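This report refers to the structure that appears directly beneath it.
The values are calculated or read from the model by the stated rules, or taken from the named source; none is laboratory data. Just so it is clear, the model here is predicted, and its values are computed rather than measured. Cβ sites come from the backbone with ideal geometry, for glycine too, and all protein chains shown count toward neighbours.
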Amino acid sequence: MATPGWYPDPGGTPGAYRYWDGATWSAETTTDPRRPSPGGGPADDRPSRSRAGYLIIAALVVVVLITIGAIFVVRNSGAGSPITDRTYPSSTVTGWDDSRPTESPSSDAPQSPSGTPSGPGGEPVPCPLGDPNRRESHPADGRVYGGNLSFPVAGNFQPAAPEPRMSFAYDVTQQYLPVNGDPGWIAQLAVGRLLGTDFPGKPEAVADSIMQCAVTTRMYLPYNPTRKDLRSEAITISGQPGWLIESDIVVDQPGLPFPGDKVIFVIIPDGADWGLFFGAVPIGNADLTNQLSDVVRSLTAS
């Protein structure tokens, strides 16, 4: 027996193995011939349990990486990946950069007490974190859909696409129109869904909170926005009572040939949730302001 290893006990003990080091038998016996040699070194002819374990772990890592990659592709595929399950997970609240609470922007008009999402003591709380790229199935009929709201495709705007910056919403689809090249700026029309659990309360309070979230997340926060409310009023879409809020959001963006955006949010009940419309056009652009008003009038709710 020139090869060291565990061998059946030459003494004849049933089920026992004794180690042969190439010259002598060990005094120690074992019932597991796969264990290391008595001196601590591996037996040359034993199966490599650790190597098999490493292979299993490596295989699991590959599976996890493939799964993460698949999730990334689905979540970033926008309107091309319809999701029919409308049961959304509970949102985790977050704000700008997913870490900071809503801040009160400067304003030329008094803010509604419900304008800033707040806790029991009135302190600012973060805007909810939604999943704007999580899409539902919608008809392909010449309208732009998000949540239970839709509007006719605007022919002078770019084709419908996701709008990931609306981080507090779900199922968001937008059309945008470049209105300035350097610095870059766009007009937007978008629809989506808000969770009722994220935004409880009456429509007017929800509309005000959404406007606040717009100026305290990456939609406008990088431009040091100033919010001036113009109107906040009831609206009816397809027989459903909701709320419209309109504000001028003035921004600090050197080189921009207009002061900022005229912004409209519309909130319509959708069961326990809310349908959401968002429109933004340059302040002072009469043609786009009129088009925005036309789009609001063309909204329908399913």
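Answer with yes or no whether GLY201 is surrounded by fewer than 19 Cβ atoms within 10 Å (Cβ to Cβ), small (Gly, Ala, Ser) and modelled with pLDDT under 95. Taking the combined requirement at face value, the residue satisfies it. When ASP273, ASP261, ASP252 are checked against the criterion of being charged (D, E, K, R) and crowded, with 23+ Cβ neighbours inside 10 Å, a single residue qualifies: ASP261.
Restricting the search to segment 253-269, which residues are farther than 19 Å from ARG165 by Cα and more than 25 Å from the chain's Cα centre (by Cα)? Answer for segment 253-269, where residues must be farther than 19 Å from ARG165 by Cα and more than 25 Å from the chain's Cα centre (by Cα): PRO254, GLY255, LEU256, PRO257, PHE258, PRO259. Checked against the criteria, ASP171 does not count as crowded, with 16+ Cβ neighbours inside 10 Å and either touching a Pro at 6+ places or on another chain (Cβ under 6 Å) or farther than 22 Å from ILE268 by Cα (or both).
Can you find even one residue in segment 221-230 that is among the aliphatic types (A, V, I, L, M) and surrounded by fewer than 14 Cβ atoms within 10 Å (Cβ to Cβ)? Within segment 221-230, one or more residues are among the aliphatic types (A, V, I, L, M) and surrounded by fewer than 14 Cβ atoms within 10 Å (Cβ to Cβ).
Run GLU246 past the list (1) in a strand (DSSP E or B); (2) within 23 Å of the chain's Cα centre (by Cα); (3) not aliphatic (A, V, I, L, M) and report the number of the one that doesn't hold. Looking at each condition in turn, GLU246 falls short on (2). Counting only residues that are farther than 19 Å from ILE268 by Cβ, surrounded by fewer than 17 Cβ atoms within 10 Å (Cβ to Cβ), touching a residue at least 12 places away in the same chain (Cβ under 8 Å) and of a type outside the set (A, V, I, L, M), segment 145-164 holds 4 of them. Note on segment 231-247: among residues that are of a type in the set (Ser, Thr, Tyr) and without any contact (Cβ under 8 Å) to a residue 60 or more places away in the chain, the one that is surrounded by the fewest Cβ atoms within 10 Å (Cβ to Cβ) is THR236. Listed by position, the strands (runs of 3 or more DSSP E) enclosed by segment 126-221 that each have at least 3 residues that are not hydrophobic (A, V, I, L, M, F, W, C) are 143-146, 170-180, 185-194.
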